[in-house]
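Heads up, the thing below is written out as structure tokens.
The values are calculated or read from the model by the stated rules, or taken from the named source; none is laboratory data. These numbers come from a predicted model, not from an experiment. Neighbour counts are summed over all protein chains in view; Cβ atoms, including those assigned to glycine, are modelled from backbone coordinates with ideal geometry. Calculation scope for accessible area: heavy atoms of the full protein, side chains included, ligands and nucleic acids excluded. Shrake-Rupley method; radii C 1.70, N 1.55, O 1.52, S 1.80 Å.
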Amino acid sequence: MQLRGASSARNLYRKILRPKTPCDIFINHRGIDTKENIAGLLHDHFFRMGLRPFLDSRNMKPGDRLFDKINPAIRNCKIGFAVFSPNYCDSYFCLHELALLMESKKRVIPIFCDVKPSQLRVMDYGTSSVEQLQRFSCALEEAKYTVGLTFDTLTGDWSHFLNTATDAVIENLAELEAENSIKKSTYIVQRRRE
């Protein structure tokens, strides 16, 4: 009975007190490689922590327009996880999401899942414009040179990975909160001087 009450209180908190942003953490991933393992695990873990992760298969329903849901989630998130996998660069949607995360100046934590950064390349299949390919390549290069996590789904320690990913999220959220507090106090001091 007590657990049910805690769950109800948490839901009430989410509905009333938390700001109405689509998500705290956007999980960018290639579904065929990672939706049923690492991406789904991250989503469920962060959700149980009281955060608002965005994973297309969990946050969208049939009939939703992809860009109408995904683009605002990216623009309003605090942190992005880019789960790179063997088929990641074959997806226009993965690359679009990554580019939007980078262009929006979001903190992105790369996860190299069953792939090395040097193996990731944007390929021209004739479906994207030269401008899009350049945009995707720049975003991918920026992500490849960002400190991230590596994980081998066959031999990796899932528990250790989840703890490491959680620590990364908590540290980044704390840094973002500290930066926002400094910006707010600087703004208040400047307004008082005027």
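For region 20-192, what is Rg from Cα atoms divided by 2.2 N^0.38 Å, rounded to two decimals?
1.07
So with the 1.4 Å probe, I'd like the accessible area per residue for region 20-192, rounded to whole Å². Walk me through the intermediate numbers first.
On the way: 9600 Å² over 173 residues.
Each residue of region 20-192 exposes 55 Å² on average to a 1.4 Å probe.
Across region 20-192, how many lysine pairs, 8 or more positions apart or on different chains, have C-alpha atoms separated by under 17 Å? Please give the number.
Count of close lysine pairs: 14.
Could you please state how large a percent of the accessible area of region 85-194 is carbon and sulfur, counting protein chains only and using a 1.4 Å probe? The partial results should precede the final answer.
Working: 3710 of 6990 Å².
Here it works out to 53 percent.
For region 46-101, which trypsin sites (Lys or Arg not before Pro) are both in a DSSP coil and crowded by at most 16 other Cβ atoms within 10 Å? Don't skip to the end; give the middle numbers.
Values: sites: Arg48, Arg58, Arg65, Lys69, Arg75, Lys78; in loops: Arg65, Lys78.
The qualifying sites are Arg65.
Please report, to two decimal places, log10 I(q)/I(0) for region 81-122 at q = 0.13, 0.14, 0.29 Å⁻¹ as given by the Debye formula with identical point scatterers on the Cα atoms and no solvent.
Each listed q maps to, in turn, -0.25, -0.29, -1.11.
Using only protein heavy atoms and a 1.4 Å probe, report how much of Lys183 is accessible, in Å² to the nearest 10.
About 140 Å², ignoring ligands and nucleic acids.
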